[in-house]
Structures are given as C-alpha cells and as structure tokens.
1. What do you reckon, is B:GLU28 touching a residue at least 12 places away in the same chain (Cβ under 8 Å), facing another protein chain (nearest Cβ under 10 Å) and among the acidic types (Asp, Glu)?
2. Could you tell me which residue of the range B:131-143 is nearest to the ligand (Cβ to nearest atom), considering only residues that are part of a loop (DSSP other than H, G, I, E, B) and free of Cβ contacts under 8 Å to residues at least 40 places away in the same chain?
3. Residues of the range B:88-102 being within 9 Å of the ligand (Cβ to nearest atom) and either surrounded by fewer than 24 Cβ atoms within 10 Å (Cβ to Cβ) or over 9 Å from the mean Cα position of the chain (by Cα) (or both), which ones?
4. Yes or no: the range B:248-258 includes at least one residue that is within 16 Å of the ligand (Cβ to nearest atom), farther than 27 Å from B:SER79 by Cα, more than 14 Å from chain A (Cβ to nearest Cβ) and of a type outside the set (D, E, K, R).
5. Run down A:ALA194, A:ALA172 and say which single residue is surrounded by 14 or more Cβ atoms within 10 Å (Cβ to Cβ) and in contact with a helix residue (DSSP H, G or I) (Cβ under 7 Å, 6 or more places away or on another chain).
6. May I ask you to say which residue of A:ALA186, A:ALA236 is outside any loop (DSSP other than H, G, I, E, B) and not aromatic (Phe, Trp, Tyr)?
7. If you scan the range B:119-139, which residues turn out to be aliphatic (A, V, I, L, M) and either touching a Cys at 6+ places or on another chain (Cβ under 9 Å) or surrounded by fewer than 20 Cβ atoms within 10 Å (Cβ to Cβ) (or both)?
8. Quick one: which of B:LEU63, B:LEU40, B:LEU85, B:LEU49 is under 14 Å from the mean Cα position of the chain (by Cα) and within 14 Å of chain A (Cβ to nearest Cβ)?
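Bear in mind that the values in this text are calculations on the coordinates, not laboratory data. The structure presented is a predicted model; accordingly, all values stated were derived computationally and were not measured. Quick reminder, even Gly has a Cβ in these numbers, built from the backbone with ideal geometry, and neighbours come from all protein chains shown.
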Amino acid sequence: MKVLVAIKRVIDAYVKVRVKSDGSGVETQNVKMSMNPFCEIAVEEAVRMKEAGIASEVVVVSCGQQNSQETIRTALAMGADRGILVQSDAELQPLAIAKLLKGVVEKEQPELVLMGKQAVDNDFNQTGQMLSALLDWSQATFASKIEKSDGKLTVTREIDGGLETIEVALPAVVTADLRLNEPRYASLPNIMKAKKKPIDTMSAEDLGVDPSPRLSVVKVSEPPARQGGAKVGSVAELVEKLKNEAKVI
Amino acid sequence: MALDEDTLEQLLDTVRRFVRERLVPNEERVAEEDAIPAELVQEMAELGLFGLSVPQEYEGLGLTMSEEVKVAFELGRTSPAFRSLLGTNNGIGSQGIVLDGTEEQKHKYLPKLARGEIIGSFALTEPDSGSDASSLRTTARRDGDHYVLNGTKRFITNAPEAGLFTVMARTDTAQKGARGISAFLVEAGTPGLRLGKPDRKMGQRGAHTCDVIFEDCRVPAEQLLGGIEGQGFKTAMKVLDRGRLHISAVCVGVAERLIEDALSYAIERKQFGQPIAEFQLIQAMLADSRTEAYAARSMVLDAARRRDAGETVTTEASCCKLFASEMVGRVADRAVQIHGGAGYIADYGVERFYRDVRLFRLYEGTSQIQQLVIARNMIREHSQ
Ligand SMILES: Cc1cc2nc3c(=O)[nH]c(=O)nc-3n(C[C@H](O)[C@H](O)[C@H](O)COP(=O)(O)OP(=O)(O)OC[C@H]3O[C@@H](n4cnc5c(N)ncnc54)[C@H](O)[C@@H]3O)c2cc1C
C-alpha cells in the first residue's frame, strides 16, 4: 500500500506567538518554524506502517513556500522515502490545499492519505475532510489507532464522548489525533542521509489549481490578558460568587 | 565534509529537542539513582550521539570541530553526567584510534564506538602521575607476540561501563619521559585487568570513575595503538588537544542553562514588593554571567573554525578550556547567589550544577596546566 502523508510547516509549538502591530496576522519573521505536531504523528504512523510491511512506499507532500522543503527533509529523516513540494507563495487556505493535494493524489495514486487532524497555526481542522470530499474517498478523522485488513481500515477515533471504532474502505483519508503514536526523533545519521533522498517540486499551475484565498482576514488580536485569581474562604462563598459574580451557575 | 546549513540546523534542533524533552526531565532521577536509565542510554545511542566525532566511513557522523562544538553547546544544557557517558566515545575514548590507529584497529572498534555498542575509556592518570603525565609508571613488557601490562590507573571516566580502554604504558623503562610511552587498546574482560570500586565524587552523579588495575595483563601485540612503540604520549596529547574544545563548549552550554534558570528565578521571585530581577545588584550578576558566557562561546567557535581550517590551535584550545571552565564556575556561583537560600537546597537543582561544574577545572588538564601550556607556547613563539 502506497501512503501519501501531507505535512505543514508552522511556527514552532514552543515559540511565543506575537501579533503583528497592524493586526494583519502574526509575526513570522525570524521565528522558528517546525513541522506541525499532528503532521509529525501522521509521518510517524506511515513510517511504522512501512516498518511493519504494511506500507510499500511513504511519500510526503507539503504545500507552501520554498522553505517548506526543510519540513519535508525532517519527514525524510524520520523515514519517509521521497518528498513532493507544491511550491506556492500565495497564502494557502484549507480549500486550496485540499485541491492541490487532490492533484497530487491523482498523480501519485496512493491508497491512503494520512494527515494531521489540524495545524497548530490556524487550527482550521478542515483540510482532511475537504480532501476526502473532493476525492470522494472514505474519511476517518481524529484517529488514535489504525489497523489494516483486506481493502479496509479499522480506525479508532477520539470523539467527545470517548472512543469510537469505525471501518472505512480504502482508498481513504485519515487524520491523526494526538494519541495515535509518539513520533520518534530522527537520528542524526538519518538526518544526514535525508539530504540524498529526492524531492520533486511542482507548482499550483502544474496541478491546474487556482490557489487564491477565498477567505479574508479582518483582524488578528491578542487574547485578553488573564485576570488575576482570587481566594475564597468557604464553599458557600464560592457558590455565591459563581452564581452572582461569574454567573455560570 | 562540512554539512550544509539546513542539515546542520536540523541536526542541532533534534539534539536541542532531545535534551529538552528526554534528558532535562531525568536530571534529578539520574543524580538520585547515580545511574543513567538504560532506556535513555539506548535512546542516546539510537540518536547517534556516541559517534559525533567518528568519521563517516566508520559509521560515525564525522562532524567538523565547528559542528561538534555546536552540538556540545546543546548537550551542555543538561546534567553533565549525560555528556560524560557519551563524552569518552566522542573524545578521549575514541580519538586515539581515529588519529593514530591502524586500519584494522579502526575497523574493529570505531563502528562499535560510534553506535554506542561499547564505551571507550582513556587511561592515562595514575596514583602518582596526574598533571605530570609523562612520569607514568604502568609498564608494558614485550613477551613474544604479547605485551604484559602492570600498573594502576586512577579516576578513569566510564571505566565501570567501558568495553575498551586506551591505556598509556611505558614500553621502554630506560626512557623516563614521554618517549618511552606507548598506547594500547585493551578490551574489558582481558585476564589481569581489574576494576576498583567506583569513586565517590563531589558531583556528576550518574557518571562514574574508578581505578583500573593491570596485573600481568597479557595483551596481543596487534593491540599496540598504531603498531608503533613510543608514540603513546604524543597520541595522548593530541587527543586531549581536541577534547579541550569539546569540554569548553560543554562549559558554555551549562553556563547558558544556568543563566536562563537564574533569570527565570529572578523574574519570578519577589522581595521588597518587586521581582528581585529589578535590583541592580542582581542585574549585575546576570549581566556579568551573560557577558562571560558570550565571550567563551565566541572563543570556542573561533578556535574550532581555525582548527577546521588547518591551523594548529593548541594555545587557543588551552585558552578556551582555561576561560570556559573558570567562567562556568563563576556563573554557577552567581546562579546559586541569585537563588538565595533555594540555591543551597537540592530541590532546585542549582546546587547540583554548582558541584557538577567544579570538575571542568580539574580534568583533561587543570587550569594551572592550561596556563603553563599557554605561556610556554607564547615564550616558544616569541623566540622563534
Ligand atoms: C571525575 C574525574 C574524571 C577523570 N577522568 C579521567 C580519565 O578518564 N582518564 C584519565 O587519564 N584521567 C582522568 N582524570 C584524572 C585527571 O585528568 C587528573 O586528576 C588531573 O589531570 C589532575 O591530576 P592530579 O589529580 O594528579 O592532580 P595533581 O597533578 O597532583 O595536581 C594538584 C594541584 O597541583 C597543581 N599543579 C600540578 N603541577 C603543577 C605545575 N607544574 N605548576 C603549577 N601547578 C601545578 C594542579 O593544577 C593542581 O591544582 C579524571 C579525574 C576526575 C576527578
């Protein structure tokens, strides 16, 4: 089974994100970037499938600026076989990315597309669902466990009420949740060897997709600063405050 | 071959992340148990951390000195005990073979050292021979196609864990000085090789040293390093030369970690109604520490770059070791001071670092020995 993993380059999860002074977005100049943590989990799952003999080839694809190549290299160092960069300087929104990925899927013909459930920059949680709709493939989101049997996958999903197990027919789009696995550290020798693995570059035009944005950002602002807490003397006082001050009960 | 910028950045990033996520959370446990958990050793080996300085043809990473010190800056940001375990395979425990070993010796040992399958130790110091290393007394007498070793080595890092010892011993007892000394590769378990009890140290718990005792220990002649007698002291000095830059870089890493910890504490801790970081006397300590750490970092990077360019950097490496090891001592002292009473209490970890860094001024050449090396080279250069 050939597996395609879609990955995104985002501001590193340990960076304190700052809003640009003009409110148009967040500061990305000279900010450390990394692979989206959920994408990393998706890559790890694909590499484990390859190690278990379930996947025959793991191809990673990233849509974005030229420097997304660094993120692809990280995935190659973790064990993916080759990479594809869909290079675009446009601001890519979920629908555009889903369309680009559809183009890549048509070229590559994988049986499974793995991706993160969402990216920690915008937290859209849309791209996987849109891709499955565009392809008319099965989808399984928020996966915490994936097992393959003849022509289908058994996927355990994290839902609000607990866990849900579903079967989906292949080909399918599966999005990874936090507990699917713990991604490995790429070993230092593999980081050095990843340089020799191939990365193809293509453009939105090559895939016949118009990636221009459909949504416009009105304003980005800092969340309100957290107010200091208060100590209460008794349970009665707490209940009184929750009722009359916070008005939550 | 030097790495391109992206690959190096990714490599450093991985080490940084491993240190932050896997090593830092285990610092206290390692100190408490006086051992590094086996699974962490395994992870360190899988990551490739034992083979930083072993050439690529022997399965190491073959980093340049500039690259290696950058990795060492990162490794310095956690308990020195972790670095100590992988330090010998990257330094004194492997470099003798890398620099002067025969092709067979390299093939036999370097891949295993690079993979962390065996730990390499370096046995130079003896009970009566420390700074005056060329006066060592351990002997190696030729007997047919073997050498017979007799003597005691002291304070040998990683000896309890070691699979291979690079041992300096006197093959020519008529030669009292450096020229009578040869280096041998002695495998653990060789009959006649015995270990003393682990030393009880001031700090760096989790890293171990002990005596290594040779009693009629028969070593096959092909274990003579490089196959030539009388070269052992030269090899030892070359090995220590390279190691000085690595140790200096570790000192910089530890200092930067301590500065960060002290700064966070100073911002959080309030006295007289304000964070202690607002007090100028605290600020002076932070600023002095930052300045000195930056100076040491710059020195190390400069010396490493020059060494990669083919310059002889014996003097510069000693300058780095002298300054960086003394610097981290001052920084650790200030970090304790900024923490106040908490700095003396084990829960905060600062007192542990304070004890840990004391070693850097002592081993691989004391500060006084570095001063002697620097000044002697200055005088020699002047008269040339
Ligand atoms: C934890 C630890 C790990 C070690 N690991 C190893 C190892 O793996 N392999 C190994 O071979 N050795 C190792 N050593 C030994 C270490 O390298 C020596 O301890 C060090 O070189 C100093 O030697 P010494 O202890 O005999 O001190 P001494 O040489 O006796 O020195 C005592 C004092 O006299 C000063 N002094 C000596 N000579 C002079 C001089 N000419 N002029 C001015 N001052 C002088 C010294 O600077 C020092 O202050 C280790 C030591 C420790 C503590």
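1. Numbers: touching a residue at least 12 places away in the same chain (Cβ under 8 Å): yes; facing another protein chain (nearest Cβ under 10 Å): no; among the acidic types (Asp, Glu): yes.
Spelling it out, it is not the case that B:GLU28 is touching a residue at least 12 places away in the same chain (Cβ under 8 Å), facing another protein chain (nearest Cβ under 10 Å) and among the acidic types (Asp, Glu).
2. Here is the first cut: in the range B:131-143, the ones part of a loop (DSSP other than H, G, I, E, B) are B:131-132, B:136-138.
Remaining after also requiring free of Cβ contacts under 8 Å to residues at least 40 places away in the same chain: B:132, B:137.
Working: B:ASP132: 6, B:ARG137: 13 Å.
Filtering first and then ranking leaves B:ASP132.
3. Here is the first cut: in the range B:88-102, the ones within 9 Å of the ligand (Cβ to nearest atom) are B:88, B:92-93.
Correct list: B:GLY93 only.
4. Residues of the range B:248-258 that are within 16 Å of the ligand (Cβ to nearest atom), as a first pass: B:248, B:250-251, B:254.
Then keep just the ones that are farther than 27 Å from B:SER79 by Cα; that gives none.
No; the residues of the range B:248-258 include none that is within 16 Å of the ligand (Cβ to nearest atom), farther than 27 Å from B:SER79 by Cα, more than 14 Å from chain A (Cβ to nearest Cβ) and of a type outside the set (D, E, K, R).
5. Details: A:ALA172 fails: in contact with a helix residue (DSSP H, G or I) (Cβ under 7 Å, 6 or more places away or on another chain).
Selected residue: A:ALA194, the only one of A:ALA194, A:ALA172 that is surrounded by 14 or more Cβ atoms within 10 Å (Cβ to Cβ) and in contact with a helix residue (DSSP H, G or I) (Cβ under 7 Å, 6 or more places away or on another chain).
6. Working: A:ALA186 fails: outside any loop (DSSP other than H, G, I, E, B).
After ruling out the rest, the residue left standing is A:ALA236.
7. From the range B:119-139, those aliphatic (A, V, I, L, M) are B:119, B:123-124, B:133, B:136; that's our starting set.
Listed by number, the list holds a single entry, B:ALA133.
8. B:LEU49
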